[in-house]
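Structure incoming, see below.
The values are calculated or read from the model by the stated rules, or taken from the named source; none is laboratory data. Remember, it's a predicted structure, so these values are computed and weren't measured experimentally. With ideal geometry, Cβ positions are generated from the backbone for all residues, glycine too; neighbour counts draw on all protein chains shown. These area figures cover heavy atoms from the full protein model, side chains too; ligands, DNA and RNA do not enter into them. Shrake-Rupley method; radii C 1.70, N 1.55, O 1.52, S 1.80 Å.
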Amino acid sequence: MRRKDIVTVQDKIAVIPQKLTEFSIQLSKAEARRKELATEYKQLRQAGSAAAMASIPVIAQNRTIQALQAQIVIAEQRVSELSKKYGPKHPLMIKAVGERDGLIEKKAQECRRIVKSVENEYELAGSNEQNLKDLLNKAKSDALRLNEKFIQYNVLKREEESNRYIYEALLAKLKEQNITEQNQSVNVWIIEQAKTPLSPATPKKKRNILLGLVLGLFGGIGLAFFIEYLDNTVKSPDEAEERLGLSVLGLVERFDTGAGELLTELDPHSNVTESYKGIRTSLLLSSADKPPKAILITSMLPGEGKTTTAANLAAVIAQSELKVLLIDADLRKGRLHKMFDFDNSKGLSSYLAGIDGSEVMVAGPEKNLKIIPSGPVPPNPSELLGSRKMKDLLSSASDKFDIVIFDSPPVMSVTDALILSKIVDGTTIVIKAGETTYEAVERELKSFRELDSRILGIVLNAVNRKNSDYYNYYGYYYGRND
Amino acid sequence: MITTIITAIITAGMIDLHCHILAAVDDGPAAMEQSIAMARIAAADGITRIAATPHIKNTLHSPDIIRKGVARLNSALAELRIPVEIVPGGEVYAVLDPLLLDGYRLNNSRYILIEFPHTHLPRTAVSLLFQLAVRGFKPIIGHPERNPSIIRNPDLLLKLLSSNVLAQITAGSLTGDFGPQVMECACGLLEQGAVSFIATDAHSVQHRPPILSRGVNVAAEIIGREKALALVASNPEAVLAGKPVSA
């Protein structure tokens, strides 16, 4: 219905204004005609007399009237001409006057006919005008209705336009998608149907764990080898003998010094005691050379165990029925008196300085062990140790004792040990396992060799029993040394 | 059980060249009773002769003490009718001066049982063995399979061995008493023919008793029963008799 209406509106929209214009033109024409006729009719009504009437254009310009008037004039002239010759009763005169009167009558009749036709025409014009007015009014109301409908039409048209726009956009999209789908179907082939995965794609836990395990294992092993490679400390006796060209006299495992460093007094069957006894055997009973009578115990660095080794070795030698003199020749930082709990106001330094005599020698814990502590720190330790008096002390001690053992400062800091190495029969070097590097040992060994001092061998000290297999094959089964 | 008995019969007459059976000299038995108990175990295993080999290392026991100890133990065993004979010997620390060692030869033969330091094989080993050789000794290297240096590199031992330098392994090493590394080394040395003797190195009744048969059984699997038996019978027999050891 609505759609049909709209179509009508669309058709009429061009027609109505045209009609309106046409009607209004016709109406104004009709109006003008009616007014013109009204004027003519009014003039004709007001004229009254024939003469007045004759001057009215409608009548004056009428050809019939004009022809009649001309005939009247001619007739008049004839009458007037005859009147001069003939009296009023003459037949010619009567005929002429009759003709003239007939013409006048004809003219009056014509005038009445004209008035009548003007009157008719006027009435016709009036009704014609009324008709046009009605038509115009109808057209106007039609136009108003149309205007209203046109507004509605515009509203609907806008709605339609927006709908069309949306529709077209959707259509374009749809077509685009169709094209994409068509393209895909060309390039992609389904080879195998996708399966729903049962486990997550990432992280691949098993692989990661395995990878971590392998990397950790090999990385760890590699690192261990690398650290081992970097570790240049003296550890194994085989390597020490090979690299330093010296015999290892013995290994002493690390022990807790909290209970005292003189293990030989505490437990005669401990591993450490056995180790010192082994060193004693190697030093004094080996076939290598003439057994040394004066032995210097020294080390490359401080804190490697010189004093402990000297004291314990002196004690185990004294236990084997040999007379031992232990001398603390570390005049700078002597420590023997602390270990044996002696007074240190007198000692080697005061003896060498000529202040004290043989009373500086004190009895040790073993029957065959005598000890000379270091004494007060002198200003010139190296000088004292290299003195004539030092040599005299050693030669007289060698007469009274079977073995003389010297504790000394480390080689690296001062020359004391090197000076002493020249007057003893042999030097024993204590190396702290896992701490002293081969470089350090080799450097100092060079000094000894330049002096042509005899080196008896190495004591590898503070060996970590847990980390080494040197004891394991013997302690594995029954926990004691064979 | 039957196998044990058969083994005992077959292996009857075994000789143990390395045994700390003498009482109160080293870390072996403390008293005579323990020595006798050890001898009983040895006899039950088929051992008929034992070399008493106390440690000669940190204490140089006089050869006289050893001889007297052996004599006393032998008379005690005879009295108790334990069919085991003890002969004198010693387990001598290798670095000792050969001049000190004359009294520690095995049954007064030229053979002497030596031990190297437990910690390593000294680089002077060749020189030490040479010193012994020039003094007329025939050294037998005791339990080389337990030396860390030799475990790492058995070739070190092979270089030392000759017709005059022989090797003795511990029976317990073959049965794994000292762990897998020692066992592996012992078996390897056996395979290479480097071993001349198997001995117990027994110290007491409880731990490592004087039993050879178990070690011999293991050795038999590696080199065959005949050769394995030679290591506890004919070879030590030759040593005690002062004759050359064949192969």
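Across the residues of B:95-102, average count of Cβ atoms on other protein chains within 10 Å?
So the per-residue partner count for this stretch is 4.
May I pose another question? Longer than 23 Å from Cα to Cα, which of A:LYS293/B:LYS159; A:LYS306/A:LYS338; A:LYS370/A:LYS446 are they? Say none if no pair is.
Distance filter (> 23 Å) returns A:LYS293/B:LYS159; A:LYS370/A:LYS446.
Also, I was wondering about something else. With a 1.4 Å probe and every protein chain left in place, work out the accessible area per residue of the protein assembly as shown in Å², rounded to a whole number.
Value for the protein assembly as shown: 53 Å² per residue.
Further, regarding this structure: Against the longest principal axis of chain A, how steep is helix A:306-319, in degrees 0 to 90 to the nearest 10, with axes from Cα atoms?
Helix A:306-319 and the main axis of chain A meet at about 30 degrees.
Have a look at A:GLN319, A:GLY386, A:SER350 and report the one farthest towards the positive end of the charge dipole of the range A:282-403, computed about the Cα centre with Cβ charges (Lys/Arg +1, Asp/Glu -1).
Sorting the options by dipole projection puts first A:GLY386.
Across the residues of B:118-128, average count of Cβ atoms on other protein chains within 10 Å?
6
Can you tell me the dipole magnitude for chain A around its Cα centre, using point charges on the Cβ only (Lys, Arg +1; Asp, Glu -1), in Debye to the nearest 20?
Dipole size: approximately 6200 debye.
Which Cα, out of A:SER55, A:GLY375, A:GLY126, lies furthest along the positive dipole direction of chain A (beta carbon charges, K/R +1, D/E -1)?
Of the candidates, A:SER55 comes out farthest on the positive side.
How large is the accessible surface of B:HIS207 in square angstrom, using a 1.4 angstrom probe and rounding to the nearest 10?
That residue has around 90 Å² of solvent-accessible surface.
Name the lysines eligible as straight-distance cross-link partners of A:LYS95: C-alpha to C-alpha under 18 Å, and not fewer than 8 places from it in the same chain.
A:LYS84, A:LYS85, A:LYS106
Restricting the count to DSSP beta bridges whose residues both fall in the protein assembly as shown, what percent are antiparallel, rounded to a multiple of 5?
About 5 percent, rounded to the nearest 5.
Using mean Cβ contacts within 10 Å as the protection proxy, how do B:69-82, B:32-45 order, highest first?
B:32-45, B:69-82
May I pose another question? In peptide A:238-250, how many Cβ atoms from other protein chains are near each Cβ within 10 Å, on average?
Counting other chains' Cβ atoms within 10 Å and averaging over A:238-250 gives 3.
Which loop GluC sites (Glu not before Pro) in the range A:369-471, with loop taken from DSSP, have no more than 16 other Cβ atoms within 10 angstrom of their Cβ?
A:GLU435
Starting from the Cα of A:LYS157, draw a straight line to each of the lysines and keep only those under 27 Å, dropping any in the same chain fewer than 8 residues away.
Straight-distance partners of A:LYS157: A:LYS4, A:LYS12, A:LYS19, A:LYS140, A:LYS149, A:LYS173, A:LYS175.
By the gyration tensor of its Cα atoms, with a ≥ b ≥ c the square roots of the eigenvalues, what is the shape of chain B: rounded for a/c under 1.5, prolate for a/b over b/c, or oblate?
oblate
Given contacts defined as C-alpha pairs under 8 Å and at least six residues apart, what's the relative contact order of the range A:2-181, whole-number percent?
37
By average Cβ neighbour count within 10 Å, what is the ranking of A:409-416, A:293-300, A:64-71 from highest down?
Highest mean packing first, the order is A:293-300, A:409-416, A:64-71.
What are the lysines whose alpha-carbon lies under 20 Å from the alpha-carbon of B:LYS243, with same-chain residues fewer than 8 places away excluded?
B:LYS138, B:LYS227
Now for a different question. In square angstrom and rounded to 100, what buried accessible area do you get between chains A and B, total over both, with the probe at 1.4 Å?
2900
How charged is the neighbourhood of B:THR48? Take every other residue with its Cβ under 14 Å from the Cβ of B:THR48, and add Lys/Arg as +1 and Asp/Glu as -1.
-1
On to the next question. What's the ranking of A:116-123, B:109-116 by average number of surrounding C-beta atoms within 10 Å, highest first?
Per-residue mean Cβ counts within 10 Å order the peptides as B:109-116, A:116-123.
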